[in-house]
Amino acid sequence: MSAAEAAERIARRELSPVDLVEALLARTTRLDPELRVWAHLDAEEARAAARRLADEAARGALRGPLHGVPIGVKDIFHVAGLPTRAGSRVYRSEPTEDATVVARLRRAGAIILGKTHTTEFAYADPAPTRNPWRPTHTPGGSSSGSAAGVAARMVPVALGTQTAGSVLRPASFCGVVGFKPTYGRLSRHGVLPLAWTLDHPGTLTRTVADAALLLSVMAGPDGRNDLCADVPVADYQAAVRDPRPPRVGLVGEVYPERLSTAARTCLGETARRLERAGATLVTLELPPILSAALDTHHLLMASEASAVHLEGIRAQPEVYGPRLRLLVEVGALIPAPAYLRAQRLRRLIRAAVLPLFEQADCLLVPAAPGAAPAGLDSTGDPSFNALWSLLGLPAIALPAGLDPEGLPLGVQLVAAPWREAEVLAAAAWCERVLPPMPAPPG
């Protein structure tokens, strides 16, 4: 059951929030000992909130469009009354105030089921979470618990963040919908940073309509985060109700040396399926300057992460993971002129890419190099998402099929800045054309 369906049934008094929470907690009790989705499961408070919201629903007093719907929250968002640990052995916070987006979800009637596991400080040292499709494979990261929890039906929707590929890649690996809006669309007040100019809050859901629903509740400035832009917010839910066939840009193979045969085949089959259903395919050419994008992204991320974490790592290096420690130590060696040149190059890359959207509503590209790789010592390659994180463009990952081993494959749609309504509409149309993704085993 999607979040939108649950909210509708609760509003019609066909479903009790109490019964919904109990069903999810029962499923969590059965599956989480193996999958390890939750860093902190707030079962008793979720039950108490469900009872309050059930009483309000019985009186017809609905708080908003998420009344009675449970959500998961990645453990770098502050949630009042719950600890924030950020996947770290050293960080400890006991917030008394919600992050802005969490507060907005609560006001809309959402129930916080708990905090989901993240990689350490949302970088690359893996979380304990397993992939529900195959527990010996990574779920991706850094929003590992959020993606796995939504895929495993422990929670309908969850919050994540993306600095490189931390929403869309785990969504692809776990067979769910991952969405990150334009940089600056959502407030990051109360969200721990990794790299300030790259961090994007986002969502993990099982439907595009749920992504639109969450964005409609969370979007817009709050006066507490200067990087959240005061740009008009569209009616995202209306955009996905009756979408038209989109103009889809095909840009050839992005990073072909990184793409698996299964992912390449899936992308081609997806394009043909969309065209047969009525989409207009437009062949486009990526600008040559894009070859500098990944190096530019990594330089900026390393430098900014060093500004956040260098002091702590110098004080207690042994309690930090090796990947984060290396990133921060490299970042400390980057001179200020190199950082400033990288920011200038970023603007040039963005200026070269934006004209593509004059000819297409969105670009169709892989969401990941392939299916979730075997092993739990890595979260996979974020290259196919990092480019769009660098440019701050809205992007959404859609399940598009299974590989020969029965693991999910995803595709990614990318749009122009502030065009969340357009990319969600295109995704909703594509979702109706693509084969439905089954639930994972269990």
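Are any residues in region 199-226 buried (at least 21 other Cβ atoms within 10 Å of the Cβ) and of a type in the set (Lys, Arg), and if so, which ones?
Within region 199-226, just ARG206 meets the criteria.
What do you reckon, is GLU44 among the acidic types (Asp, Glu), assigned to a helix (DSSP H, G or I) and in contact with a Gly (Cβ under 9 Å, 6 or more places away or on another chain)?
no
Could you please let me know if PRO65 is closer than 29 Å to MET301 by Cβ and surrounded by fewer than 23 Cβ atoms within 10 Å (Cβ to Cβ)?
no
Scan region 24-49 for residues that are small (Gly, Ala, Ser) and surrounded by 15 or more Cβ atoms within 10 Å (Cβ to Cβ) and jot them down.
Listed by number, the residues that qualify are ALA39, ALA43, ALA46, ALA49.
Applying the selection to region 78-110, what residues are under 21 Å from LEU25 (Cβ atoms), outside any loop (DSSP other than H, G, I, E, B) and in contact (Cβ under 8 Å) with a residue 12 or more places away in the chain?
VAL102, LEU105
Out of all the residues in region 402-419, which are within 20 Å of ALA147 (Cβ to Cβ) and either of a type outside the set (S, T, N, Q) or part of a helix (DSSP H, G or I) (or both)?
Hits for region 402-419 are LEU402, ASP403, GLU405, GLY406, LEU407, PRO408, LEU409, GLY410, VAL411, LEU413, VAL414.
Condition first: touching a residue at least 12 places away in the same chain (Cβ under 8 Å) and more than 30 Å from THR119 (Cα to Cα). Now tell me which residues in region 38-54 satisfy that.
ARG51, LEU53, ALA54
Quick check, is GLY114 buried (at least 20 other Cβ atoms within 10 Å of the Cβ), in a strand (DSSP E or B) and small (Gly, Ala, Ser)?
yes
Can you tell me which condition TRP196 does not meet? The list is (1) touching an Asp or Glu at 6+ places or on another chain (Cβ under 7 Å); (2) surrounded by 15 or more Cβ atoms within 10 Å (Cβ to Cβ), and all the others hold.
The failed condition is (2).
Please work out which one of (1) in a loop (DSSP other than H, G, I, E, B); (2) modelled with pLDDT of 95 or more; (3) under 30 Å from ALA110 (Cβ atoms) is the condition PRO201 fails and give its number.
(1)
Going through region 420-442 one residue at a time, which ones are surrounded by fewer than 19 Cβ atoms within 10 Å (Cβ to Cβ) and either in a strand (DSSP E or B) or charged (D, E, K, R) (or both)?
If the condition is that a residue be surrounded by fewer than 19 Cβ atoms within 10 Å (Cβ to Cβ) and either in a strand (DSSP E or B) or charged (D, E, K, R) (or both), then ARG432 is the only one that fits.
Going by the conditions given, is ASP226 outside any helix (DSSP H, G or I), over 30 Å from HIS298 (Cβ atoms) and not basic (Lys, Arg)?
no
Somewhere in region 319-340, is a residue of a type outside the set (Gly, Ala, Ser), modelled with pLDDT of 95 or more and in contact with a Gly (Cβ under 8 Å, 6 or more places away or on another chain)?
yes
Determine the pairs where a residue that is within 17 Å of ARG134 (Cα to Cα), located within region 8-37, has a partner that is basic (Lys, Arg) and surrounded by 15 or more Cβ atoms within 10 Å (Cβ to Cβ) with Cβ atoms under 7 Å apart, the partner being 6 or more residues away or on another chain.
What qualifies is GLU34/ARG130; LEU35/ARG130; ARG36/ARG130.
Out of all the residues in region 230-288, which are free of Cβ contacts under 8 Å to residues at least 40 places away in the same chain, part of a loop (DSSP other than H, G, I, E, B) and within 25 Å of GLY380 (Cβ to Cβ)?
GLY252, GLU253
Between a residue in region 389-411 that is at positive phi and any residue that is of a type in the set (A, V, I, L, M), which pairs come within a Cβ distance under 7 Å, given they are 6 or more apart or on different chains?
GLY401/LEU409
From the list ALA305, ALA279, ALA234, pick out the single residue that is buried (at least 17 other Cβ atoms within 10 Å of the Cβ), within 22 Å of VAL433 (Cβ to Cβ), at pLDDT 95 or above and not aromatic (Phe, Trp, Tyr).
Every option except ALA279 fails the conditions.
Can you find a residue that is buried (at least 16 other Cβ atoms within 10 Å of the Cβ), without any contact (Cβ under 8 Å) to a residue 24 or more places away in the chain and not polar (S, T, N, Q) anywhere in region 310-319?
Among the residues of region 310-319, at least one is buried (at least 16 other Cβ atoms within 10 Å of the Cβ), without any contact (Cβ under 8 Å) to a residue 24 or more places away in the chain and not polar (S, T, N, Q), which makes the answer yes.
Report every pair of residues separated by at least 6 positions or lying on different chains whose Cβ atoms are under 7 Å apart, first residue within region 375-388 and in a helix (DSSP H, G or I), second of a type in the set (Lys, Arg).
Qualifying pairs under 7 Å: SER383/ARG258; ASN385/ARG169.
Checking the structure you have, find out if any residue of region 331-345 is under 26 Å from the mean Cα position of the chain (by Cα), more than 25 Å from PRO417 (Cβ to Cβ), outside any helix (DSSP H, G or I) and of a type outside the set (D, E, K, R).
No, region 331-345 has no match at all.
Of the residues GLY184, GLY178, GLY145, GLY140, only one is surrounded by 24 or more Cβ atoms within 10 Å (Cβ to Cβ), assigned to a loop (DSSP other than H, G, I, E, B) and of a type outside the set (Phe, Trp, Tyr); which?
On inspection, the qualifying residue turns out to be GLY140.
Specify which of the listed residues (ALA351, ALA397, ALA371) is in contact with a helix residue (DSSP H, G or I) (Cβ under 6 Å, 6 or more places away or on another chain) and either part of a helix (DSSP H, G or I) or among the aliphatic types (A, V, I, L, M) (or both).
ALA397
Report yes if LEU267 is surrounded by 13 or more Cβ atoms within 10 Å (Cβ to Cβ) and either over 30 Å from VAL101 (Cα atoms) or touching a His at 6+ places or on another chain (Cβ under 7 Å) (or both), otherwise no.
Judged against the criteria, LEU267 is a match.
The values are calculated or read from the model by the stated rules, or taken from the named source; none is laboratory data. Keep in mind the model is a prediction, meaning the values are calculated, not measured. Note: ideal-geometry Cβ built from the backbone for every residue, glycine included; neighbour counts use all protein chains shown.
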